[in-house]
Every structure is written in structure tokens, then in C-alpha cells.
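The values are calculated or read from the model by the stated rules, or taken from the named source; none is laboratory data. Worth saying up front: this structure is predicted, and the values here are computed from it rather than measured. Because the Cβ atoms are built from the backbone with ideal geometry, glycine has one as well, and the counts that use them run over all protein chains shown. Note: accessible area is taken over every heavy atom of the protein model, side chains too, but ligands, DNA and RNA are not part of it. Shrake-Rupley method; radii C 1.70, N 1.55, O 1.52, S 1.80 Å.
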Amino acid sequence: DAYHVFGVLFAAFAAISSFWAIKASDALYKASTLLQILGCASLMFMHYDRENSMRRLYLAVMWSGYFVTMYSIAFYGMDTMLASAQDIRLENEFTNINSIAMAAALSCMFQLHELMQKKSIWSSVFMIPAVILITATQSRKALILLLTGVVGVYILNSAKEKGTAKKILKLVFYGIILLLGLRLLFQLPIFSGSLERMTQLLNFWTDNGKA
């Protein structure tokens, strides 16, 4: 099935990237971790796939992410969250901040899918604290996951529509809207910390500086 095929391909890519990675052992370690995750997740996947109830599975992940988000806000405090979004990122206290940020990003992705299916609309209010959490952690991994996830969810949902030209036009239109929206969002003070870290990452990739 597609889940296992893409899972193995992703792990294989991570392993192959060791040939050009700065530290090959790290790339191989990540490939091993991906295969371990695939093996563990396969047990749940086979159960829900057999019942043809994949929605139950991703809703469980979505609500788990929202729970982590609300617990994090209660733990750190909203004032600390908003201050961290503009200045120094949150510290690893009750768990790794990248992990909680990526959980929030996954919840937003699944929520977007629900919205596009016109389901669970009321729960979309939880996307607001989830985005605040992501900005407070200033997690580049979570931001990249969120942005690519939004694009991926849209492409997968658009694939069901008929007409190639219509799909392309809608993709270009929403792509422009997304870019304009991101430009406006990153001008807000709450996104200043995240923007600085993303800029550092781009500078590192382009050899204009170090992350």
C-alpha cells in the first residue's frame, strides 16, 4: 500500500543523503529512526485500514496535538508564549519544544483537511492556540512541516476534482494567496522570532551565513 511504500522511500532517501551530508552518521541514524517509526505505526495502520476508518486515526492524532497545545499553554502561560514568539524561544522544560510544535503543526494539517471536507468546523478554533504555540517555540521544523503540509493537503484534496486545467489554475491561485498571506503574517510582531530563525536557515542553505 501507499503508506508503506512512501514510508520506505522516505527512509531510503534519508539513508542516501548520507553521501552528501555533513555528518553521514546522523543521516543514517535518521533513516533507522524512520524505519522504526514505520514499523511501530504499521500496527495501528493495519488495524484502522482493515476497518476502513482512517479518519478515526488522524482525528486521534489531531486531538492529541490539540491536547498537547493546551497543556503547553497552561504550563508556560500565554504571556510567556507571546513574549517568546517575539524574543527568546521557549526552553525545553516538560519535553522537547520541537516535538510539541510539530504535534501542533500536525493538528493544523489534519484540521485543514477536515475543513476542506466540511467536517469538524467548530474544532478549527483550536488552530489559533496551535499557531501561537508554533511561533512561541520558533521551531523551524514545525514551520516547514506546517507550510508543506498545507500545500500537500490542498494538492491531495484537489486531486479528486475533474479537469487538469482547473486544478492547475486553482493551485496557482491558492499558491499566490498563501504567499501573500505568509508575507503579511511574518510582518506581525508575534512572528518576528520565527522569521529571524527561518532567515538564518535560508542564509545557511545559500552560504550567506550560519544558522
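Which residues, counting only those in region 49-64, are assigned to a loop (DSSP other than H, G, I, E, B) and either at pLDDT 80 or above or at positive phi (or both)?
N52
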Could you go through region 13-23 and let me know if any residue there is within 30 Å of A136 (Cα to Cα), in contact (Cβ under 8 Å) with a residue 12 or more places away in the chain and among the basic types (K, R).
no
Tally of residues being modelled with pLDDT of 85 or more and either more than 23 Å from the chain's Cα centre (by Cα) or of a type in the set (S, T, Y) (or both) across region 22-48
7
Please tell me if N92 is farther than 24 Å from A41 by Cα, at pLDDT below 85, open to solvent by 60 Å² or more (accessible area, probe 1.4 Å) and not β-branched (V, I, T).
yes
Output yes when any residue across region 27-39 is outside any helix (DSSP H, G or I) and either of a type outside the set (K, R) or touching a residue at least 40 places away in the same chain (Cβ under 8 Å) (or both), and no when none is.
no
If you go through A74, A83, the only one that is closer than 17 Å to T135 by Cβ, of a type outside the set (D, E, K, R) and in a helix (DSSP H, G or I) is A83
The listed residue being farther than 26 Å from R55 by Cα, in contact with a helix residue (DSSP H, G or I) (Cβ under 6 Å, 6 or more places away or on another chain) and at pLDDT below 80, out of Q138, Q200, Q187:
Q138
Open to solvent by less than 30 Å² (accessible area, probe 1.4 Å) and free of Cβ contacts under 8 Å to residues at least 60 places away in the same chain: is that true of E114 in this structure?
yes
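Return yes when F67 is open to solvent by 40 Å² or more (accessible area, probe 1.4 Å), within 27 Å of L115 (Cα to Cα) and within 20 Å of the chain's Cα centre (by Cα) and no when it is not.
yes
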Can you find a residue in region 124-139 that is free of Cβ contacts under 8 Å to residues at least 60 places away in the same chain and closer than 28 Å to H4 by Cα?
yes
